1. Measuring from the lowest to the highest alpha carbon on each principal axis, how far does the stretch B:136-221 reach, largest first, in angstroms?
2. Going by amide H atoms built from the backbone, whose H comes under 5 Å of the H on A:D150, apart from near neighbours?
3. Roughly how far apart, in whole Å, are the Cα centres of the stretch A:172-210 and the stretch A:311-334?
4. Express in whole angstrom the spacing between the alpha-carbon centres of the stretch A:98-125 and the stretch B:33-84.
5. Under 17 Å from a label point 7 Å along Cα→Cβ of B:K126: give me every residue in the stretch B:97-117 with its amide N that close.
6. Given an 8 Å cut-off on Cα distances and at least 6 residues of separation, report the relative contact order of chain A as a percent.
7. Across bins of 5 angstrom width beginning at 0, how are the C-alpha pair distances of the stretch A:269-316 distributed, in whole percent?
8. Give the range of the longest stretch in chain B that excludes all GluC sites (Glu not before Pro) found in loop regions by DSSP and having at most 16 other beta-carbon atoms within 10 Å.
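The values are calculated or read from the model by the stated rules, or taken from the named source; none is laboratory data. Just so we're clear, the structure is a prediction, and the values are computed from it rather than from any experiment. Neighbour counts are summed over all protein chains in view; Cβ atoms, including those assigned to glycine, are modelled from backbone coordinates with ideal geometry. These accessible areas exclude ligands, DNA and RNA; they are computed on the full protein's heavy atoms, side chains included. Shrake-Rupley method; radii C 1.70, N 1.55, O 1.52, S 1.80 Å.
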Amino acid sequence: MKYLHLVWANLRRRRLRSLLTVLSILVAFILYGLLSATNKGFNAGVDLAGNDRLVTIHKVSLIQPLPVSYQSRIETLEGVDAVTYSNWFGGIYQDPKNFFPQMAVDPAPFLDLYPEYVLSPEELEAWKADRTGAVVGRALAEKFGWKVGDRIPIQGTIYRNQETGGLWEFNLVGLYEAGTKDADETQFLFRYDYLNEGMGGSLGVVGWYIVRIADPDQAPQIAEAIDSTFANSPAETKTTTEKAFGQAFAQQVGNTAAIIRAVLAAVFFTILLVVGNTMAQSVRERTNELAVLKAMGFSNGRVMALVLAESCLLALVGGALGLLVAAILIQPVGKALSGFLPVFYMPPKDMAIGIAIVLLLGLVTGVPPALQAMRLQVADALRRA
Amino acid sequence: MASGEALVRVQNVHKVYHRGNERIDVLRDLDVNVGKGEFLALMGPSGSGKSTLLNIIGGLDRPTEGGVEVGERRIDRLNDGQLASWRARHVGFVFQFYNLMPVLTAERNVELPLLLTNLSRAKRKKQVETALALVGLSDRAKHYPRQLSGGQEQRVGVARAIVTDPTLLLCDEPTGDLDRKSGDEILDLLEGLNQQHGKTIIMVTHDPLAAARATRVLHLDKGQLSSEAAA
């Protein structure tokens, strides 16, 4: 600690240069924080996916529906604990920009299979009692200022209500909360029987099935059994674990993790050069001063440590500020993107990795000039001065 | 050699530099003894080996041949780490161009050698105050080098050299960059350190008036002693 003022004073020697270097590190770490949250957003479903849940979709694509009759047949298969379905609605609330997922579900079985969506028993009862009832995530309700008791109109695009000419009206009967940090609080869930009735009572299909299995180790065999059951039928199925399903879904956008890693690698490589150059210049400029320190009795190791401490402090100031600003920005940015990325935060693991990168940056950029300073021959350096 | 026991013994020292294929014999079989409490001036033309000899005595350079003993310690046999530690405890350097850290105040500059000790912050502060008082710069403690005159900067340099109370004070042309008045003040200071505080001083200088302040003057030429005189 007694050397801190010396390290700090050296960083203040060329204030503008140090400031610009700190700013470049800061921007890099803001970017790191925001991209980490973006990556989390794309993969939240994957991380949340239960080990004991399978998803059965149409073999051709997720868009193709499956007959409702499949539920009872899946339920009879060995190893299957519970089955429910979900159906993408794709309606518009006031403006197409107000995007949020709307799903037609069977309330009690759906919530049974998704314990991460927490709804009070009273609200569940109210939902069961009201055919036009809907429940939404708390974050979605806050975004649009909804409260329980509100009537919410949604224009159907895929499904047009035959009685109203396309408009569907829902009674908001409850707000569910995320039981885990990664759970999506922006969903709009309503009853499938209301959808079916509005379509004339002959819908007969659902989007996909969610299957809970008793033993996660049996997942491949059970998936195989489900798909075999419907082989050679007009609607063949493809069953995977929910995690694999989530990954495939997220990768429709592209391999976001790989893209983000590539962007960050380019950013940090550039920063490495910027900070490395700053440190090299800084040490080159004061060869004489370092020689004087050595003449006073500072050992090679101590001089090396001083230079390394400088580069680490530079990286630490920029990096810590960058991560802090990213943490502050994530909330408003996440709010603005909530329609597309309902989960948007920097996971603690990424924060820890960020701190490790900060230290690594300081060490990597400091080692070459520190070695140069360590090898400095005092008499030669003083003679050249 | 001056009266009293020898603090520094330079024995048969030879120093060779190589510049490309050229061999330069900077010091040739040199024998010098410096007594404890002595104020020795080293004079000679440029390239005569004065500064090299000073660097070898201060442990900044090593002889190619021969031995250097300071206070009964063969410093030419110490490794880099041991030499650094030895310098921190036994040697204070005063340079021609002061060599202060421009980013540190006078008191922080003077404190630098004390950072290598185990002294508490309070004790370091006290020693810095004493050293600055000794060179008459107590009122300039918070000033940066750029806010000081050349003479004041050199006085800070002297304070930095003596703050650890070293055995040996090595001065490489301490008045070479100063006007006559400031130079005289620095010489007064060195003289006082030698006479009143018993410091052993070896000073390289081109200036006969500066050398006249020393108790003994050695003249070097082409790496050998050309003459010796009591000042």
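1. Sorted from largest, the Cα extents of the stretch B:136-221 read 41, 27, 19 Å.
2. Counting only residues 5 or more places away or on other chains, the set is A:L172.
3. 39 Å
4. For the stretch A:98-125 versus the stretch B:33-84, the Cα centre distance is 86 Å.
5. Counting only backbone N, you get B:111, B:114-115, B:117.
6. Values: 638 pairs, mean separation 110.9, N = 385.
Dividing the mean separation by the residue count of chain A yields 29 percent.
7. Per 5 Å bin, starting at zero, the Cα-Cα P(r) for the stretch A:269-316 comes out as 5, 20, 27, 24, 14, 7, 3, 1 percent.
8. Values: sites that count: B:E5, B:E72.
The segment B:73-231 is the longest one with no such site.
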